[in-house]
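Engineer: This structure is in structure tokens; I'll ask about it shortly.
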Amino acid sequence: MRIVDLRSDTVTLPTPAMREAIATAELGDDVFGEDPTVNRLEAMAAERLGKEAALLVMSGTMANLVSVLTHCGRGDEIIVGDKAHIFLDEAGGCSALGGVHSHQVPNQPDGTLALADIEAAVREDDIHFPRSRLICLENTHNMCGGVCLTPDYMRQVRQLADQYGLMIHLDGARIFNAAVALGVDVKELVRDADSVSFCLSKGLAAPIGSLICGSQDFIRAARRVRKIVGGGTRQAGIIAAAGIVALEQMVDRLAEDHTNARLLADGLANMPGITLDPARVQTNLVFFEVAGTPWTAAEFCERLAALGVLMLALGRYTVRAVTHYGIERSDVEHALHTISQLLRG
Ligand code: TLP
């Protein structure tokens with residue numbers, strides 16, 4: 001049976017060029033700072049994002065955890081969206097491992113936190129209260145439908161952060177999707193963040209790895225935190241080699257994923273029982289509601305999977321489909337055809 005896997009861009013397999021780079025990578029012990037391939041990737045990532053330094057970690061979750069634990073001590077508080085990956089999907093790592101308290105404010109449909117909500121969440125200096133320390137943002141915003149935060153919004157949050165002496169961490173797991181969709185240099189999207197993490201292993205198709213970028217001092221401190229969480233690895237050039245290919249060869253093609261996502265969204269919007277606003281589809285994530293069908297999202301996905309099309313249920317009636325490297329226009333057409341068959345019974 002033909003399988004079209006739209007569950008996530010994390011299912012991407014490494015490209016032939018990545019496998020070749022992995023096989024021939026020059027290696028050393030990265031805990032000693034001696035892996036030339038890791039050093040090259042970190043330098044490349046820092047340069048690309050316009051930050052002083054970068055640090056390779058094993059996952060997006062580790063990148064966010066290490067970043068938050070580097071900014072915050074026990075009893076400090078982060079201001080974070082109620083739909084943020086850090087809040088919803090990282091097993092509460094910041095509090096479980098770092099004693100960091102979270103103050104959730106509502107994510108707006110466009111992925112932002114309203115400035116007034118951030119301001120209202122900042123704590124006064126009072127012994128009863130945790131200390132406000134860090135604002136966490138996400139771009140693209142996963143659970144808000146892959147929407148993009150703009151440089152202009154980032155600037156406004158920076159001004160607020162400066163007013164209250166707060167830091168900003170940006171979960172940029174899919175930051176290159178945002179840069180490609182907005183047509184801006186990625187540097188502009190991260191300039192106002194003190195730290196930013198991005199993933200190699202999503203749309204960029206590398207098998208493993210994320211980078212944290214920030215100032216020299218921040219990255220030096222983050223390197224120690226990475227060691228604490230067991231993330232200091234040895235011949236990690238095996239991983240970095242694929243990451244270098246990802247940055248060199250896989251960024252510009254994200255536009256294809258966005259075109260395919262739009263095709264999928266336009267097709268779904270016309271189907272009976274399915275609700276979706278195609279205008280909200282800005283990048284490679286397509287969220288839609290199946291409340292008008294006889295099924296819950298989980299039932300819908302189960303029936304669709306039996307026909308070879310895989311999607312994720314991310315709410316009682318909410319389904320997510322993600323386009324990525326390995327998914328062609330014909331796969332999207334096949335998925336649409338399969339869904340219309342399913343709906344027709
Ligand atoms: N997200 C995964 C799932 O956890 C939902 C996905 O399939 O989208 N930040 C953001 C915004 C993410 O979407 C993810 C992964 C992460 C961080 C964590 O990355 P990993 O999975 O590498 O730990």
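Just so you know, all these numbers are worked out from the coordinates, no wet-lab data involved. These numbers were taken from a predicted model, which means no experiment stands behind them. Please note: Cβ atoms are built from the backbone with ideal geometry, for glycine as well, and neighbour counts cover all protein chains shown.
Engineer: Sequence-distant or interchain residues sharing an amide H contact under 5 Å with V147, placed H: which?
Structural biologist: H141
Engineer: Explain nothing, just compute: Karplus ³J(HN,Hα) = 6.51 cos²θ - 1.76 cosθ + 1.60, θ = phi - 60°, for every residue of the range 8-18 in order, whole Hz, x for Gly and Pro.
Structural biologist: Each residue of the range 8-18 in turn: 6, 6, 6, 7, 4, 9, x, 6, x, 5, 5 Hz.
Engineer: At 222 nm, what value in deg cm²/dmol follows for the chain if DSSP H runs of at least 4 each add -39500 (n - 2.57) and the sum is divided by all its residues, to the nearest 500?
Structural biologist: My calculation for the chain gives -12500 deg cm²/dmol from helical runs alone.
Engineer: If you take every residue apart from L137 with its C-beta less than 10 Å away from the C-beta of L137, what net charge results, scoring Lys and Arg +1 and Asp and Glu -1?
Structural biologist: Neighbourhood net charge equals -3.
Engineer: Here's another thing I want to ask about it. Taking the Cα centre as origin and putting +1 on Lys and Arg beta-carbons and -1 on Asp and Glu beta-carbons, what dipole magnitude results for the range 54-140, to the nearest 20 debye?
Structural biologist: In debye, rounded to 20, the range 54-140 gives about 280.
Engineer: Taking the dipole about the Cα centre of the range 12-248, with the C-beta of Lys and Arg at +1 and of Asp and Glu at -1, give me whichever of G92, A161, I118 is farthest to the positive side.
Structural biologist: About the Cα centre, the residue reaching furthest to the positive side is G92.
Engineer: Taking the dipole about the Cα centre of the chain, with the C-beta of Lys and Arg at +1 and of Asp and Glu at -1, give me whichever of L336, I79, V38 is farthest to the positive side.
Structural biologist: Positive-most Cα among the choices belongs to L336.
Engineer: Can you compute 3J(HN,Hα) from phi for each residue in the range 292-298, using the Karplus curve 6.51 cos²θ - 1.76 cosθ + 1.60 with θ = phi - 60°, rounded to whole Hz and x for Gly and Pro?
Structural biologist: In residue order, the calculated couplings are x, 9, x, 10, 6, 4, 5 Hz.
Engineer: Sticking with this one: Quick one: putting +1 on the C-beta of Lys and Arg, -1 on the C-beta of Asp and Glu, what dipole do you get for the range 12-248 around its Cα centre, in Debye to the nearest 20?
Structural biologist: Magnitude of the dipole: close to 420 debye.
Engineer: At a Cα cut-off below 22 Å, give the lysines reachable from K227, other chains included and same-chain residues fewer than 8 away excluded.
Structural biologist: Qualifying lysines at Cα under 22 Å: K51.
Engineer: Students often check this: by mean Cβ neighbours within 10 Å, which of 217-226, 125-134, 258-267, 160-169 ranks highest, and how do the rest follow?
Structural biologist: 258-267, 217-226, 160-169, 125-134
Engineer: Next question, about the same structure. Which is farthest toward the positive dipole end of the chain among S67, Q282, M1, measuring Cα position about the Cα centre, with Cβ charges +1 (Lys, Arg) and -1 (Asp, Glu)?
Structural biologist: Positive-most Cα among the choices belongs to M1.
Engineer: How would you order 312-319, 197-204 from highest to lowest mean count of nearby Cβ atoms within 10 Å?
Structural biologist: Top of the packing list down: 197-204, 312-319.
Engineer: I've got another one for you. Taking amide H atoms as placed 1.01 Å from N in the peptide plane, list the residues 5 or more away in sequence, or in a different chain, whose amide H sits under 5 Å from that of N107.
Structural biologist: It is D82, K83, by chain and number.
Engineer: Under 5 Å between amide hydrogens, which residues at least 5 positions from S132 or on another chain qualify, with H placed 1.01 Å from N in the peptide plane?
Structural biologist: E77, R123
Engineer: Could you compute the net charge surrounding S95? Neighbours are other residues with a C-beta less than 12 Å from the C-beta of S95; K and R count +1, D and E count -1.
Structural biologist: Summing Lys/Arg as +1 and Asp/Glu as -1 gives -2.
Engineer: So if I place +1 on the C-beta of Lys and Arg and -1 on the C-beta of Asp and Glu, and nothing else carries charge, what would the dipole magnitude of the range 1-149 be about its Cα centre? I want it in debye, nearest 20.
Structural biologist: 340
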